[in-house]
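Everything on this sheet refers to the single structure shown next.
The values are calculated or read from the model by the stated rules, or taken from the named source; none is laboratory data. Since the structure is predicted, the reported quantities are computational estimates derived from the model, not experimental observations. FYI the Cβ positions are ideal-geometry reconstructions off the backbone, even for glycines, and counts take in every protein chain you see. Heavy atoms of the whole protein, side chains included, go into the accessibility calculation; ligands, DNA and RNA do not. Shrake-Rupley method; radii C 1.70, N 1.55, O 1.52, S 1.80 Å.
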Amino acid sequence: LPFTVYYCSMDLILTAIGLFAIFAGVDGLIIPILPDVALISSGILIILIAHQALSIATVGPLLGLTLLTFLADWLIVIYGARKVGATHEGLIGGLIGLALALAGLPIGFGPGLLLWPTLGATIGEFIGRRHDPNQKNAIGVGISVGLFAVLGLVVKLILVGLILAIGLVAIIAA
């Protein structure tokens with residue numbers, strides 16, 4: 001019986017693995033449980049290795065931006081929330097709201113990006129301050145936490161765009 005044997009080179013396999021990691025990382029921007037920036041950077045590094053385009057001029061900025069993205073994502077939300085006196089429940093509510101907004105539920109991505117994190121943080125603040133007689137601050141704190149969550153996401157998206165641009169330029173130049 002005639003049959004055809006297809007050979008697949010290692011650079012093609014590594015490129016496919018790298019692309020899978022990048023797409024999974026982009027999904028991680030939407031689904032908070034998945035690691036996002038780490039997968040995107042790892043995927044770019046795997047593709048650079050596959051195409052023998054790995055250099056310190058590429059890896060240095062790539063790793064620097066990856067670390068900056070981790071720090072910015074963490075510091076903006078946490079610092080902003082602590083600055084306005086947010087409770088732990090308010091932070092969790094803001095993150096849940098951000099996940100709903102990124103999923104586009106139920107009013108779409110654009111308007112939901114401002115509404116859901118703010119609403120989630122406000123509900124979380126009401127839950128966190130349920131025994132506090134001064135509960136009137138919960139709405140203001142919730143709005144602030146929601147806006148800091150959106151600011152953190154915007155900064156993260158800009159930095160991830162830079163990471164992808166560095167990888168793309170390095171791959172094209174190889």
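Full extension of the segment from residue 78 to residue 26, taken as 0.36 nm per residue of separation minus the current Cα-Cα distance, would add 16.5 nm.
A dipole drawn for the chain from +1 and -1 charges on Cβ atoms has a positive end, and of 81, 157, 22 the residue lying farthest that way is 81. Over the chain, DSSP H runs of length four or greater, each weighted -39,500 (n - 2.57), average out per residue to a 222 nm ellipticity of -27500 deg cm²/dmol.
In percent, rounded to a whole number, the relative contact order of the chain is 24, using alpha-carbon pairs under 8 Å and six or more apart.
Using the alpha-carbon atoms, what tilt in degrees (0 to 90, nearest 10) does helix 88-103 show relative to the longest principal axis of the chain? Helix 88-103 and the main axis of the chain meet at about 50 degrees.
Could you tell me which label, among [x] 25, 18, 15; [y] 35, 18, 13; [z] 41, 18, 11, carries the value of semi-axes √(5λ) of the Cα gyration tensor in Å calculated for this structure? It is the value labelled [z]. Per residue, the accessible area of the chain comes to 58 Å², computed with a 1.4 Å probe over protein heavy atoms only.
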